[in-house]
Structure formats: structure tokens, C-alpha cells
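The values are calculated or read from the model by the stated rules, or taken from the named source; none is laboratory data. From a predicted model like this one, the values you see are computed outputs, not experimental measurements. All Cβ positions, even for glycine, are placed from backbone atoms using ideal geometry, and neighbour counts span all protein chains on display. What goes into the accessible areas is simple: the full protein's heavy atoms, side chains included, and nothing from ligands, DNA or RNA. Shrake-Rupley method; radii C 1.70, N 1.55, O 1.52, S 1.80 Å.
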Amino acid sequence: WSSVVCSSDLRVVARSLCHIARIHMGRGHFEDASDAATEAVGICDQIDERWTGAEARLVHGEVHAASGQYRQAMQQWEQAMVLATEVGDRFRRVELLLLQAETLIAMGEWQQASTLMLGVADQTRDMGDPELASGLFRVQAAIQLERQALEAAERDSERAVQVAQESGARLAVARAELVQACVLGTRADRKSTRLNSSH
């Protein structure tokens, strides 16, 4: 990037690489996604760009999580949280908390995820963003599912899908529907088990 001397131009390049990384990730091309995210992080470090740097590390963490590298994802998100806090990006902080909570659940540490979520509901409401709201309901549903509180999990998963649909964000809808399917499948299994044991 020696021919690009303007920091604002480099910032645009870094953000474009974040979008490219997410496209590769959506196609299952995790190595290409990781390369793009790594390059975005490197550019932001080079120009000491903290706002976009937080986004780049968030995306890099998403790539790690999608490929099952949960510890590496958490490390990226911890660094992103530091940067987001330094620049006062409240939206990014909530986004990171939701990602961390979901990953902790995937790692089997749902109690820690529940603790992490304390206060996040109030912050999410303050943001007024439907994608964040859907993410909140999605995480709550996943925690309730781990607690075997299936009725509460179903309510939260339904709300996650509804809010995501209202936002028009297809990725948020897909994520919410995935959690809802897990909840409904667990309820169906529980019902089947009860019926079998009664015979």
C-alpha cells in the first residue's frame, strides 16, 4: 500500500476489506476471509485508526468464530472492545458483547454468558437498533434454552425473528431463525420423550 499515502484512503480500503471478509465468510471461504480481515487490521494499526480498527477486529473475530476458533475470536473481540471504548463507540461495544455472549454459549459457558449480559438489555434499548435488539433476544433465547426454560426460550426466539424481519436484515433473520429452530426442536424432543414415557 506504499502508493496510498492518505489516511482517509487507507481507512476506506480497510473498511472495504472488512466487507470482503464477510462475503468470503458467507461463502465458507474462511482462509480468504481471514486474509482480508488480517489485512484490514494491519492497515488500521499502520495508521493508528482505532474506530475502523475496532470494526476490523470484530470481523476478524467473526471469521475465527465461524471456523470454530472460539478462543482466537474472543481475543480479537477483547482488543476490539478496548478500541471501541477508547473512541466512545457505544454501538460497537454492545455488538461485541452480544458476539462474546453467543460464543461463550457455543463454548458451553452459558453461565458466564448470562453474567456478561447483565445490563446489556438496557444498553441495547438505548441504541434503538433493530439488529441489536434481535441479537439480544437471540442470546436470551439461547441462554434460556441452556437453562431448560423452554417457554421463555420460545418467546425470546420468536421476538428475535420478528424484530429481525422488521429490520430487513437477512443475516439477522437467518441467525434468529437458527436459534428458533433449536428451541422448537428441543421442545418437540421433550414432548416426544414425555409421550413415550407415558406408554
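F91 exposes around 80 Å² of accessible area when a 1.4 Å probe is run over every protein chain in place. Label-to-label distance for Q123 and Q162 is 2.6 nm, based on points extended 7 Å past Cα in the beta-carbon direction.
Within the set (1) 1.00; (2) 1.17; (3) 1.13, the number that Cα Rg over 2.2 N^0.38 Å takes when calculated for this structure is listed as (3). Once the 1.4 Å probe is applied to the protein heavy atoms, the stretch 118-182 comes out at 53 Å² accessible per residue.
Among the helices of the chain, those built from whole DSSP H runs whose Cα atoms reach 27 Å or more along their own axis and whose mean Kyte-Doolittle hydropathy is at least -1.0 are 7-26, 170-198. Here T85 sits with roughly 80 square angstrom of accessible surface, probe radius 1.4 Å. Note: the stretch 1-76, Cα convex hull, 71 Å³ per residue. Using a 1.4 Å probe, what is the accessible area per residue for the stretch 1-80, in Å²? Per residue, the stretch 1-80 has 52 Å² of solvent-accessible surface.
Tell me, what % of the accessible area of the chain is carbon and sulfur with a 1.4 angstrom probe? Ligands and nucleic acids excluded, carbon and sulfur reach 49 percent. Within the chain, the longest run free of exposed loop sites, counting trypsin sites (Lys or Arg not before Pro) that sit outside DSSP helix and strand states (H, G, I, E, B) and have at most 15 other Cβ atoms within 10 Å, spans 28-146. Build a GNM of the chain with springs between Cα atoms under 10 Å apart, and of L99, L145, L184 the one that fluctuates most is L184.
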